[in-house]
2 protein chains.
Amino acid sequence: MAEGVRARRKAERPGEILQAAFEEFVDRGYAATRLEDVAARAGVTKGTIYFYFETKENLFVTMVRELSRPIHEEMEGFLADHNGTTREFVRAYLGFIYKVIAEDAHFREILRLLIAEAHRFPALVDEHDERCGTPIMEHLRQRLEEGANRGEIRSAGSLDYPQIILGPALSLSVIMLLFSDRKPVDVERYFEAHVDLVLNGLLPRNGEVS
Amino acid sequence: MAEGVRARRKAERPGEILQAAFEEFVDRGYAATRLEDVAARAGVTKGTIYFYFETKENLFVTMVRELSRPIHEEMEGFLADHNGTTREFVRAYLGFIYKVIAEDAHFREILRLLIAEAHRFPALVDEHDERCGTPIMEHLRQRLEEGANRGEIRSAGSLDYPQIILGPALSLSVIMLLFSDRKPVDVERYFEAHVDLVLNGLLPRNGEVS
DNA sequence: ATTCATTGACTATCGAGTTAGTCAATTTTG
DNA sequence: CAAAATTGACTAACTCGATAGTCAATGAAT
């Protein structure tokens, strides 16, 4: 029977260890993290980690993969759902992104780890990009292209680089990573300012009174 | 006499060690960097490092401080020099930023180290911000405010958050940090698309033919 | 002769990975 | 059903290579 105490423990342990590993890796970085501390945080001993994971590298890679999965799924879900004018779409999309950035420390911290360890784990960066980055960018690009074809937005050069449109949101992530809570940002205002810039630009619109 | 071989060596050693430290820290991150390797790269032995620097932490902090100084000075110099309409200023300023990002690996790699080690060295992040980040942002903000007062640009919310305007450039830095040369970007086109977005936005301009 | 930048051998510690052993949960047997 | 046998998640104590930091000795420059 798979209903025993053993089966349940075996099913839950890896996740518990992964969560503990996430917290330690985020605090200390890959190299400075001690597997003993991960074990202590998960309420086991170091040997148990090696029962479930081959090596420290393997633990790290698996952790990034598993903990970024829900974020990835949430994003794809949003893109699949949303309709409306391009203008509405851009606003809703950025709003969604800001919700993730501001509320989900996982997203930010995974980003930190990928940036910090990009040299040591290039394959992990690429894998993450192929699974999350590229498809989402491509999806956004397509939506914008359609909007341009319908004449709802200009066919600007930034349509080829969705990163440009999302850039200010990434900026906020980096600020939050650098300063934690030492430099609080009014995310709501920042978000509105971002949407306004992306839609209207800095130059005065015709007939607009500044 | 200050013209002896000793004096020259003593004057140059710290810089040589700092440069070697930069390269090793960038490749391996703070914790994984071995002082023996730094020494070897600088052409000395480990003891010599301890003759000039108290500890590994001290070496790291000094390195970030010293190697970010020229970037900082270059930026301040640019801001002090430049005049012209706000529109021209924005273009020139972004152009300058992109030159730094694209050509100066120091800038990007310092950013990587600050993000990676923000938890371990919060004071270093704050110091760096006070010396480089805040003044430059404030300077940019003022220029834009003046432009808005003169009616050259809209008084948009993003004027209060210059990070929003620079965000896409930071985006490019992060992309370059993550992918090194595995995902080359056409910086010239990216730059033009960025300037266009910031000035014109996505929505069609009155009387414009898409 | 003296100074002092530099060396390199040293210590002390740390931490990844290993392994023999434990004991509760399960399965088998009488 | 109860006792015995087996399993397997988990532990504790280990190895061993590595590395931050120290310091007495060196030898070139003055």
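For region A:80-91: of the residues being of a type outside the set (S, T, N, Q) and free of Cβ contacts under 8 Å to residues at least 12 places away in the same chain, which is farthest from A:M176 (Cα to Cα)? If you could, list the steps in order and put the result at the bottom.
Taking region A:80-91 first, the residues of a type outside the set (S, T, N, Q) are A:80-82, A:84, A:87-91.
Then drop every residue that is not free of Cβ contacts under 8 Å to residues at least 12 places away in the same chain, which leaves A:80-82, A:84, A:88.
Numbers: A:A80: 28, A:D81: 29, A:H82: 28, A:G84: 31, A:E88: 27 Å.
Here the residue is A:G84.
If I go through region B:100-129 residue by residue, how many of them are open to solvent by 30 Å² or more (accessible area, probe 1.4 Å), free of Cβ contacts under 8 Å to residues at least 12 places away in the same chain and of a type in the set (D, E)? Final tally of qualifying residues: 2. When A:A116 is tested against (1) on the phi < 0 side of the Ramachandran plot; (2) within 16 Å of DNA strand D (Cβ to nearest atom), just one condition goes unmet, and that condition is (2).
A:R69 satisfies every condition listed in (1) within 22 Å of A:G133 (Cβ to Cβ); (2) within 14 Å of chain B (Cβ to nearest Cβ); (3) away from DNA strand D (no atom under 16 Å from the Cβ) except (2). Checking the stated criteria, A:R65 turns out to be among the charged types (D, E, K, R), away from DNA strand C (no atom under 15 Å from the Cβ) and at pLDDT 95 or above.
Among the residues of region B:80-94, those that are farther than 12 Å from B:V195 by Cβ and either open to solvent by 30 Å² or more (accessible area, probe 1.4 Å) or modelled with pLDDT of 95 or more (or both) comprise B:A80, B:D81, B:H82, B:N83, B:G84, B:T85. Screening B:I153, B:I97 for residues that are in a loop (DSSP other than H, G, I, E, B), β-branched (V, I, T) and either in contact with a helix residue (DSSP H, G or I) (Cβ under 7 Å, 6 or more places away or on another chain) or open to solvent by 20 Å² or more (accessible area, probe 1.4 Å) (or both) leaves exactly one candidate, B:I153. Being farther than 30 Å from A:A31 by Cβ and either within 12 Å of another protein chain (Cβ to nearest Cβ) or of a type in the set (G, A, S) (or both): is that true of B:R120 here? Considered against the rule, which asks whether it is farther than 30 Å from A:A31 by Cβ and either within 12 Å of another protein chain (Cβ to nearest Cβ) or of a type in the set (G, A, S) (or both), B:R120 comes out as no. With respect to the conditions (1) over 14 Å from the mean Cα position of the chain (by Cα); (2) within 22 Å of B:D196 (Cβ to Cβ), B:S171 lacks only one, and its number is (1). If the condition is being part of a helix (DSSP H, G or I) and open to solvent by 20 Å² or more (accessible area, probe 1.4 Å), then region B:55-71 contributes B:K56, B:E57, B:N58, B:V61, B:T62, B:R65, B:E66, B:L67, B:R69, B:P70. Exactly one residue among A:G167, A:G147 is more than 28 Å from B:E117 (Cβ to Cβ) and either at the interface with chain B (Cβ under 9 Å from one of its Cβ atoms) or in a loop (DSSP other than H, G, I, E, B) (or both), and that residue is A:G147.
Scanning region B:72-94 for residues that are within 14 Å of chain A (Cβ to nearest Cβ) and not in a helix (DSSP H, G or I) turns up just one, B:T85. Listed by position, the helices (runs of 4 or more DSSP H) inside region A:1-54 whose residues that are more than 10 Å from DNA strand D (Cβ to nearest atom) and either open to solvent by 20 Å² or more (accessible area, probe 1.4 Å) or within 14 Å of chain B (Cβ to nearest Cβ) (or both) number at least 2 are A:5-28, A:35-42.
The values are calculated or read from the model by the stated rules, or taken from the named source; none is laboratory data. It should be emphasised that the depicted structure is a prediction, and the values quoted were computed from it without experimental measurement. Note: ideal-geometry Cβ built from the backbone for every residue, glycine included; neighbour counts use all protein chains shown. Surface areas here come from the heavy atoms of the whole protein model, side chains and all, with no ligands, DNA or RNA. Shrake-Rupley method; radii C 1.70, N 1.55, O 1.52, S 1.80 Å.
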